[in-house]
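Let me begin by presenting the structure, written as structure tokens, before commenting on it.
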Amino acid sequence: EATATLDKLAATADPAAQKTLVDSLEARFNDVAPVIPLFSGPAWGAYTDQRFTGWPSSDNPYATLSARSATTVLVLTSLKPAK
């Protein structure tokens, strides 16, 4: 069933028809392989003010603390040496 729908999708350039076909694929996926997220994908991080200040906090949540975040450079350029 899904293969036939994918073949139809590949054969049409009509956006309305594509949407209908993709909607049917989504419904089929939900019926056959439902997914239940285990967690929302939170960004984890930890810091200490011992040597640097200016980290994101609940008072100033300007970025996430994840080392793999797109905001890592923003965090690193916002830090100041601790006094």
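Within segment 44-79, which residues are touching a residue at least 12 places away in the same chain (Cβ under 8 Å) and of a type in the set (A, V, I, L, M)?
Across segment 44-79, the qualifying residues are A46, A63, L65, A67, L74, V75, L79.
Report yes if some residue within segment 42-56 is under 21 Å from the mean Cα position of the chain (by Cα), of a type outside the set (F, W, Y), in a loop (DSSP other than H, G, I, E, B) and more than 30 Å from K83 (Cα to Cα); otherwise report no.
Keep residues of segment 42-56 that are under 21 Å from the mean Cα position of the chain (by Cα), which gives 42-46, 56.
Checking the rest, the ones that are also of a type outside the set (F, W, Y) come to 42-43, 45-46, 56.
Now restrict to residues that are in a loop (DSSP other than H, G, I, E, B): 42-43, 45-46, 56.
Subset that is more than 30 Å from K83 (Cα to Cα): 42.
Yes, segment 42-56 contains at least one residue that is under 21 Å from the mean Cα position of the chain (by Cα), of a type outside the set (F, W, Y), in a loop (DSSP other than H, G, I, E, B) and more than 30 Å from K83 (Cα to Cα).
Among the residues of segment 57-73, write down those that are within 20 Å of the chain's Cα centre (by Cα) and either modelled with pLDDT of 90 or more or surrounded by 10 or more Cβ atoms within 10 Å (Cβ to Cβ) (or both). Before you say what the answer is, go through the steps one by one.
Restricting attention to segment 57-73, the residues satisfying the condition of being within 20 Å of the chain's Cα centre (by Cα) are 61-73.
Within segment 57-73, P61, Y62, A63, T64, L65, S66, A67, S69, T71, T72, V73 meet the criteria.
Which of the numbered conditions does K80 fail, given that it passes all the others? Conditions: (1) surrounded by 10 or more Cβ atoms within 10 Å (Cβ to Cβ); (2) touching a strand residue (DSSP E or B) at 6+ places or on another chain (Cβ under 7 Å).
Unmet condition: (1).
Run R28 past the list (1) in contact with a Phe, Trp or Tyr (Cβ under 9 Å, 6 or more places away or on another chain); (2) surrounded by 13 or more Cβ atoms within 10 Å (Cβ to Cβ) and report the number of the one that doesn't hold.
The number of the failed condition is (1).
The values are calculated or read from the model by the stated rules, or taken from the named source; none is laboratory data. Small disclaimer: the values here were computed from a predicted structure and weren't measured. So basically every Cβ, Gly included, is an ideal-geometry build from the backbone, and we count neighbours across all protein chains shown.
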